[in-house]
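Trainee: Following this message is one structure expressed as structure tokens.
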Amino acid sequence: MSKLAKRMEHISESITLATSAKSKKLIAQGIDIIGLGVGEPDFQTADTIKVAAIEAIQNGRASYYTPTAGLPTLRDAVRERTLLDTGLVYSDAEVIVTDGAKNALYNLFQAILNPKDEVLVLAPFWVSYTEQVKLAEGTPVLVNGRPEKDYKITVSELEEKRTNQTKALILNSPSNPTGMIYTREELLEIGNWAVKHKILIISDEIYGKLIYNGHEFISIATLSDEIKRQTILINGVSKTYAMTGWRIGYALGDRDIIKGMIDVASHSTSNPTAASQYAAIEALNGNQEIVETMRLAFEERLNIAYPLLAAIPGFEVIKPQGAFYLFPNVKKAATACGFDSVDAFVDGILEEAHVAVVQGSGFGAKDNFRISYAADLETLKTGIARIHQYVLKKMNN
Ligand SMILES: *Cc1c(COP(=O)(O)O)cnc(C)c1O
């Protein structure tokens with residue numbers, strides 16, 4: 001008998017976490033690596049938030065299991081924040097707090113998918129969507145976005161992939177990795193299409209607060225009551241409040257689905273870490289100026305990094321509107337530098353130019369790589385300059 005379950009044959013390690021492990025190894029060897037691979041803010045969690053957790057630990061409140069769906073005060077804070085940000089009203093039975101947004105998605109797929117159920121995944125996509133669907137024995141069906149359309153998908157492209165088995169669709173606007181945002185009109189079309197065909201919309205809005213240069217973020221659930229009923233919102237504190245390490249996410253939507261997610265969580269994680277939940281209450285209820293301060297820093301970096309990256313020969317870059325990644329198509333540069341794939345080019349950039357970025361192949365876009373601007377300006381500029389010099393050197397060889 002094989003040691004591992006059959007389902008593991010088709011599961012790959014998270015490429016973003018693998019890249020970060022690879023660069024840490026080179027750093028441990030004393031090599032000066034510039035890490036632009038990771039998908040987390042470089043800022044520290046605000047002191048006010050840290051203090052809330054420290055107090056909960058010291059006075060003993062964090063010593064115990066909490067309700068599986070999260071502390072009632074935190075669930076209230078989630079609903080209140082959602083109301084303030086989007087105008088959407090959810091009842092207490094329509095919210096679950098999870099061990100990060102990643103865990104919310106995991107519980108959701110476990111709760112809704114039967115074997116062979118299909119989930120439409122808009123590509124380029126966040127690396128865990130496909131693997132989580134497969135872990136729940138569902139089938140991810142890719143719908144490929146094209147650069148000339150800002151990597152966004154239209155209803156006719158969705159319709160081409162729809163079958164009787166289509167259960168859900170994952171929307172991630174602003175997108176990791178492309179940074180693109182769907183407009184109100186685009187979302188309305190997708191929402192109405194999903195309602196018509198009874199397809200569940202899973203809207204991952206984790207970057208909803210990181211919007212730049214006057215662009216607008218719309219939550220699809222705000223567009224009509226029918227669409228809201230058909231949508232599960234996924235969000236969390238990781239990206240908005242620089243709290244990736246705390247592991248707090250949440251989901252809002254249909255109470256039966258939320259109940260299913262709670263039941264899954266009750267047998268796996270029991271509850272998100274109590275101290276982290278107290279921190280998250282402070283994050284969501286506290287002064288939101290910290291969010292704007294970080295947003296402004298990301299915006300400045302984007303506006304500086306984008307032209308630098310676009311100036312590298314063979315790089316085709318669309319200027320992102322949100323999140324904190326740039327996603328250049330570097331196929332031409334890779335070929336001109338003598339590589340037969342962008343994956344190999346990315347390895348060369350790490351090993352010879354000493355800059356860590358992530359291959360696009362894990363995101364369903366093999367001609368691209370993802371570079372994060374969640375790094376201070378000097379690091380970012382030096383990293384891009386290294387890549388630029390590396391490309392020039394390789395092209396002239
Ligand atoms: C970071 C990220 C998540 C997961 O966030 P956690 O709350 O840290 O688990 C989910 N979706 C996307 C698109 C992300 O980039």
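The values are calculated or read from the model by the stated rules, or taken from the named source; none is laboratory data. Everything numeric here is computed off the predicted structure, so don't read it as measured data. Methodologically, a virtual Cβ is constructed for each residue, glycine included, from the backbone with ideal geometry; neighbour enumeration extends over all protein chains shown. Heavy atoms of the whole protein, side chains included, go into the accessibility calculation; ligands, DNA and RNA do not. Shrake-Rupley method; radii C 1.70, N 1.55, O 1.52, S 1.80 Å.
Trainee: In deg cm²/dmol and to the nearest 500, what is the mean residue ellipticity at 222 nm of the chain if only DSSP H runs of at least 4 residues count, each as -39500 (n - 2.57), divided by the residue total?
Mentor: Using -39500 (n - 2.57) per qualifying helix, the result is -13000 deg cm²/dmol.
Trainee: Please say if segment 114-169 is rounded, prolate or oblate, where rounded means a/c under 1.5 for a ≥ b ≥ c the square roots of the C-alpha gyration tensor eigenvalues, and otherwise the choice is prolate for a/b larger than b/c and oblate otherwise?
Mentor: Note, shape of segment 114-169 comes out oblate.
Trainee: Need one number: nm distance between label points at Glu148 and Ser12, each 7 Å from Cα along Cα→Cβ, rounded to one decimal.
Mentor: Those two pseudo-labels are separated by 2.7 nm.
Trainee: Specify which residue in the list Leu252, Thr273, Tyr306 is farthest towards the positive end of the charge dipole of segment 213-321, using unit charges on the beta carbon of Lys, Arg (+1) and Asp, Glu (-1), about the Cα centre.
Mentor: Final value for the positive-end residue is Thr273.
Trainee: Let me ask something else about it. Does the chain classify as rounded, prolate or oblate by the C-alpha gyration tensor (a ≥ b ≥ c root eigenvalues; a/c under 1.5 gives rounded; else a/b over b/c gives prolate, otherwise oblate)?
Mentor: prolate
Trainee: Which shape class, rounded, prolate or oblate, goes with segment 63-285 when its Cα gyration tensor gives a ≥ b ≥ c as root eigenvalues, a/c under 1.5 marks rounded, and past that a/b bigger than b/c marks prolate?
Mentor: prolate
Trainee: Can you list the lysines whose alpha carbon is less than 24 Å from that of Lys25, not counting same-chain residues fewer than 8 positions off?
Mentor: Cross-link targets: Lys381.
Trainee: Oh, and also: Stretched out fully, how many nm does the piece from Asp32 to Lys196 gain, at 0.36 nm a residue minus the Cα gap?
Mentor: Separation in residues times 0.36 nm, less the Cα-Cα distance, equals 53.7 nm.
Trainee: Hey, what's the chain come to in accessible area per residue, 1.4 Å probe, Å²?
Mentor: For the chain, the per-residue accessible area is 43 Å².
Trainee: In addition: Within segment 63-285, what percent of beta bridges assigned by DSSP are antiparallel, to the nearest 5?
Mentor: Rounded to the nearest five, the antiparallel share is 30 percent.
Trainee: Which residues in segment 146-172 place their backbone N less than 17 Å from a point set 7 Å from the Cα of Lys366 along the Cα-to-Cβ direction?
Mentor: Residues 146-147 fall inside that zone.
Trainee: How high is the relative contact order of segment 63-285, given as a whole-number percent (alpha carbon pairs under 8 Å, six or more residues apart)?
Mentor: 30
Trainee: Lysines within cross-link reach of Lys259: Cα-Cα under 23 Å, excluding same-chain residues under 8 positions apart?
Mentor: Once the sequence-local lysines are set aside, what remains near Lys259 is Lys102, Lys116, Lys134, Lys167, Lys198, Lys228.
Trainee: Mind ordering 117-124, 367-374 by average Cβ neighbours within 10 Å, highest first?
Mentor: The packing order, highest mean first, is 367-374, 117-124.
Trainee: How much of the accessible area of the chain, probe 1.4 Å, is carbon plus sulfur, in whole percent?
Mentor: The nonpolar share, carbon plus sulfur, comes to 52 percent.
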